[in-house]
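The structure under discussion appears below in the form of structure tokens.
The values are calculated or read from the model by the stated rules, or taken from the named source; none is laboratory data. Since the structure is predicted, the reported quantities are computational estimates derived from the model, not experimental observations. FYI the Cβ positions are ideal-geometry reconstructions off the backbone, even for glycines, and counts take in every protein chain you see.
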Amino acid sequence: MTGTILQIDSVSRVFPGVRGGTPVRALEPTNLQVAENDFITILGPSGCGKSTLLRIVAGLDRPSGGRVLLNGREIKGPGADRGMVFQSYTLFPWLTIAENIAYGLREKGMPKSQRQDIVASYTEKVGLRGFENHYPKQLSGGMQQRTAIARALANDPAILLLDEPFGALDNQTRGLMQELLLGIWERERKTVLFVTHDIEEAIFLASRVVVMSARPGRIKADISVELPHPRHYTMKTTPEFSALKAQLTEEIRHEALEADVAH
Amino acid sequence: MPRPLEPVSQGTRVVLGISFFVLFFAAWAFATLGGFVSRTFLADPITMVQDGWLLLTRFGFMSDIGVTVWRVVGGFVLASVIAVPLGIMMGAYKSFEAFLEPFVSFARYLPASAFVPLLILWAGIGEMQKLLVIFIGSVFQIILMVAVAVGNTRRDLVEAAYTLGSSDRSVVRRVLIPANAPEIAEILRLVLGWAWTYVIVAELIGSSSGIGHMIIDSQALLATGQMIFGIIVIGVIGLISDFLFKALNRSLFPWRLA
Ligand SMILES: Nc1ncnc2c1ncn2[C@@H]1O[C@H](COP(=O)(O)OP(=O)(O)OP(=O)(O)O)[C@@H](O)[C@H]1O
Ligand SMILES: [Mg+2]
């Protein structure tokens, strides 16, 4: 086991009330340690603060309390060391697919010839050969998200953050994308933090599933997934997989019930 | 009956567009040639064309047109060069916006035509005064509209740029500006149309050349044919410049249509 790369240290977030209303406690003080090369999925019902937590790690939002350390250094704002893929399509519409993937490299001031090599290798990895000169609008949602993953990876971040990247895709495409992402991870072992509300997706991808509770959000369970790699979609029908699924379903159900009683 | 929002073919479009012009001219010809309107007040289309031909061939109206176009373009370019960067700054930096927005909003409602007498006092009746009228009429509009466009840039695109390592400056240069370039071009096209109305006002007073000056001259002679010809020329030039602007935007921003 390698060292801790990301340390979330009693991070909380309270949003001020809208027009004098009561403040929203989106995230209770939360602790999480992420080991290098881990694939962690954060699973939780809608509105439990998953995006809030991920945005704080990305540096797009500030915690109300606590801090996040990346390789021992406190995160003060967004940076190229944390790549992010959003739930909405965020490719730059005025850039072609190749230019989108090269965006971060250009920001670093990398010379063009070097950029081209990296872009070519990532277009290949996400299966977008032949679409380099298309504009995002000309691509399907799945292809756009693949480009977004390539764009984040091309930057070679220390950690990859994904916020329900496949949430808007149909089931078939979603399954294919999961395999694609997992394939890349199995080869490159990049540290990944992946937010989802889909239990199957959470188990299939993860080496560790972190379950979050409903409002106010906090970590409720932390379950390691010992399924072997490389994983194939057929794994979703194995008894081990089903057992994990049953366990997580129970956790979440329990959660939802408790939240219900509390209100 | 066509369905709401149902598109029509390119051919039908052109035919429909032209047929209204034909209808318009027919109604005009009917009213004037049929003797329903006195010739003193409204020339018929044939007289208008004859007068226009005389203007162009004998009275050097071409150079008047040239002068007016030059004034519009000059004042408009001057305004754009100053207003577009200011608008981008205002849209991008909220403190800058808080500083300038109230004044610009106020200045926007100052009618450019009301400045004509004052500008004559300040700048005489030379070219400078004409350019300034157009400048004042355009600059505040462009600033405000560009600022609004830039301020409405999709936040998630800006956030994506930050997570890819963009600095604050490069977010402005590589996201805010390219994201809004087509809209800024659209704003310029719109304001250029308004600039045409200011230039004529500027030329109606204290001018010795230009389309507006010709119209005022013709009024003294009760030459309604010439006046109408002048007005139509303005319309035609506006149509052409609009068309060119649209074609330019299309070729500059192919990703918009992609
Ligand atoms: N900018 C904001 N201002 C006020 N409240 C907010 C803001 N952003 C999020 N919240 C609140 O914080 C809570 C958590 O939001 P968050 O977006 O993190 O949920 P989520 O777990 O990502 O949900 P989903 O799965 O639907 O995306 C919600 O109750 C939401 O209303
Ligand atoms: Mg979310």
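Quick test for you: out of A:LEU181, A:LEU162, pick the one residue that is out of contact with any Ser or Thr (no Cβ under 7 Å at 6 or more places or on another chain) and either farther than 30 Å from A:LYS108 by Cα or away from ligand 1 (no atom under 16 Å from the Cβ) (or both). Give the steps one after another, and end with the answer.
Values: A:LEU162 fails: either farther than 30 Å from A:LYS108 by Cα or away from ligand 1 (no atom under 16 Å from the Cβ) (or both).
The match here is A:LEU181.
So, A:LYS76, is that one within 22 Å of the chain's Cα centre (by Cα), within 13 Å of chain B (Cβ to nearest Cβ) and away from ligand 1 (no atom under 16 Å from the Cβ) or not? First the steps, then the outcome.
Working: within 22 Å of the chain's Cα centre (by Cα): yes; within 13 Å of chain B (Cβ to nearest Cβ): yes; away from ligand 1 (no atom under 16 Å from the Cβ): yes.
In short, yes.
Can you tell me how many residues within segment A:24-51 are away from every other protein chain (no Cβ under 14 Å) and within 9 Å of ligand 1 (Cβ to nearest atom)?
Residues flagged as away from every other protein chain (no Cβ under 14 Å) and within 9 Å of ligand 1 (Cβ to nearest atom) within segment A:24-51 amount to 12.
Just one of the numbered conditions (1) within 14 Å of another protein chain (Cβ to nearest Cβ); (2) more than 25 Å from the chain's Cα centre (by Cα) is not true of B:TYR93; which one?
Among (1) within 14 Å of another protein chain (Cβ to nearest Cβ); (2) more than 25 Å from the chain's Cα centre (by Cα), the lone unmet condition for B:TYR93 is (1).
Residue-wise test of (1) over 30 Å from B:ALA114 (Cβ atoms); (2) part of a helix (DSSP H, G or I).
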{"site": "B:VAL139", "(1), (2)": "no, yes"}
{"site": "B:ILE143", "(1), (2)": "no, yes"}
{"site": "B:ALA147", "(1), (2)": "no, yes"}
{"site": "B:LEU157", "(1), (2)": "yes, yes"}
{"site": "B:TYR162", "(1), (2)": "yes, yes"}
{"site": "B:SER166", "(1), (2)": "yes, no"}
{"site": "B:VAL171", "(1), (2)": "yes, yes"}
{"site": "B:ILE184", "(1), (2)": "no, yes"}
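Residues that are surrounded by fewer than 20 Cβ atoms within 10 Å (Cβ to Cβ) and modelled with pLDDT of 85 or more: find the strands (runs of 3 or more DSSP E) completely inside segment A:164-263 holding 2 or more of those.
Numbers: elements: A:191-196, A:208-212, A:219-224.
Where strands (runs of 3 or more DSSP E) fall fully within segment A:164-263 and carry at least 2 residues being surrounded by fewer than 20 Cβ atoms within 10 Å (Cβ to Cβ) and modelled with pLDDT of 85 or more, they are A:219-224.
So for segment B:235-256 (the condition being buried (at least 17 other Cβ atoms within 10 Å of the Cβ), of a type in the set (A, V, I, L, M), more than 14 Å from chain A (Cβ to nearest Cβ) and under 15 Å from the mean Cα position of the chain (by Cα)), does at least one residue qualify?
No - not one qualifying residue is present in segment B:235-256.
How many residues does segment B:68-101 hold that are touching a helix residue (DSSP H, G or I) at 6+ places or on another chain (Cβ under 8 Å) and either of a type in the set (A, V, I, L, M, F, W, C) or without any contact (Cβ under 8 Å) to a residue 24 or more places away in the chain (or both)? Before you say what the answer is, go through the steps one by one.
Going residue by residue through segment B:68-101, those that are touching a helix residue (DSSP H, G or I) at 6+ places or on another chain (Cβ under 8 Å) are B:68-69, B:71-72, B:74-76, B:78-80, B:82-84, B:86-92, B:96-97, B:100-101.
Those still in the list that are either of a type in the set (A, V, I, L, M, F, W, C) or without any contact (Cβ under 8 Å) to a residue 24 or more places away in the chain (or both) too: B:69, B:72, B:76, B:78-79, B:82-84, B:86, B:88-90, B:92, B:96, B:100.
Qualifying residue count, segment B:68-101: 15.
Any idea how many residues of segment A:192-212 are charged (D, E, K, R) and touching a Lys or Arg at 6+ places or on another chain (Cβ under 7 Å)?
1
Which pairs do you get when a residue that is within 13 Å of chain B (Cβ to nearest Cβ), found in segment A:108-135, comes within reach of a residue that is loosely packed, with under 15 Cβ neighbours inside 10 Å, reach meaning Cβ atoms under 6 angstrom, with the pair 6+ apart or on two chains?
As it stands, the answer is A:TYR135/B:ALA258, since those pairs meet every condition given.
Taking the stated definitions as given, is A:LYS190 under 20 Å from A:GLN33 (Cβ atoms) and away from ligand 1 (no atom under 16 Å from the Cβ)?
Working: under 20 Å from A:GLN33 (Cβ atoms): yes; away from ligand 1 (no atom under 16 Å from the Cβ): yes.
The answer is yes for A:LYS190.
Tell me yes or no: at least one residue of segment A:14-23 is more than 16 Å from ligand 2 (Cβ to nearest atom) and either within 14 Å of chain B (Cβ to nearest Cβ) or among the acidic types (Asp, Glu) (or both). Can you show your working first?
Taking segment A:14-23 first, the residues more than 16 Å from ligand 2 (Cβ to nearest atom) are A:14, A:16-23.
Next cut, either within 14 Å of chain B (Cβ to nearest Cβ) or among the acidic types (Asp, Glu) (or both) only: none.
Looking for residues that are more than 16 Å from ligand 2 (Cβ to nearest atom) and either within 14 Å of chain B (Cβ to nearest Cβ) or among the acidic types (Asp, Glu) (or both), one finds none in segment A:14-23, hence no.
From the set of residues in segment A:52-68 that are under 17 Å from the mean Cα position of the chain (by Cα) and more than 16 Å from ligand 2 (Cβ to nearest atom), which is nearest to the other protein chains (Cβ to nearest Cβ)?
In the first step, residues of segment A:52-68 are kept if they are under 17 Å from the mean Cα position of the chain (by Cα); the result is A:52-61, A:68.
Those left that are additionally more than 16 Å from ligand 2 (Cβ to nearest atom): A:59, A:68.
Values: A:GLY59: 8, A:VAL68: 14 Å.
If we take residues in segment A:52-68 being under 17 Å from the mean Cα position of the chain (by Cα) and more than 16 Å from ligand 2 (Cβ to nearest atom), then A:GLY59 is nearest to the other protein chains (Cβ to nearest Cβ).
Given the residues B:LEU157, B:LEU144, which is the only one that is surrounded by fewer than 24 Cβ atoms within 10 Å (Cβ to Cβ), within 14 Å of chain A (Cβ to nearest Cβ), under 25 Å from B:GLY91 (Cα atoms) and touching a residue at least 12 places away in the same chain (Cβ under 8 Å)? Let's see the steps before the verdict.
Numbers: B:LEU144 fails: within 14 Å of chain A (Cβ to nearest Cβ).
Exactly one of B:LEU157, B:LEU144 is surrounded by fewer than 24 Cβ atoms within 10 Å (Cβ to Cβ), within 14 Å of chain A (Cβ to nearest Cβ), under 25 Å from B:GLY91 (Cα atoms) and touching a residue at least 12 places away in the same chain (Cβ under 8 Å), namely B:LEU157.
Does A:THR90 satisfy the criteria of being buried (at least 23 other Cβ atoms within 10 Å of the Cβ), more than 10 Å from chain B (Cβ to nearest Cβ), within 16 Å of ligand 1 (Cβ to nearest atom) and hydroxyl-bearing (Ser, Thr, Tyr)?
So A:THR90 does not fit the description; no.
Collect the residues in segment A:36-51 that are among the hydrophobic types (A, V, I, L, M, F, W, C) and over 15 Å from the mean Cα position of the chain (by Cα), keeping them in residue-number order. Explain how you work it out, then say what you get.
Filtering segment A:36-51 for residues among the hydrophobic types (A, V, I, L, M, F, W, C) gives A:39-40, A:42-43, A:48.
Result: A:CYS48, single match.
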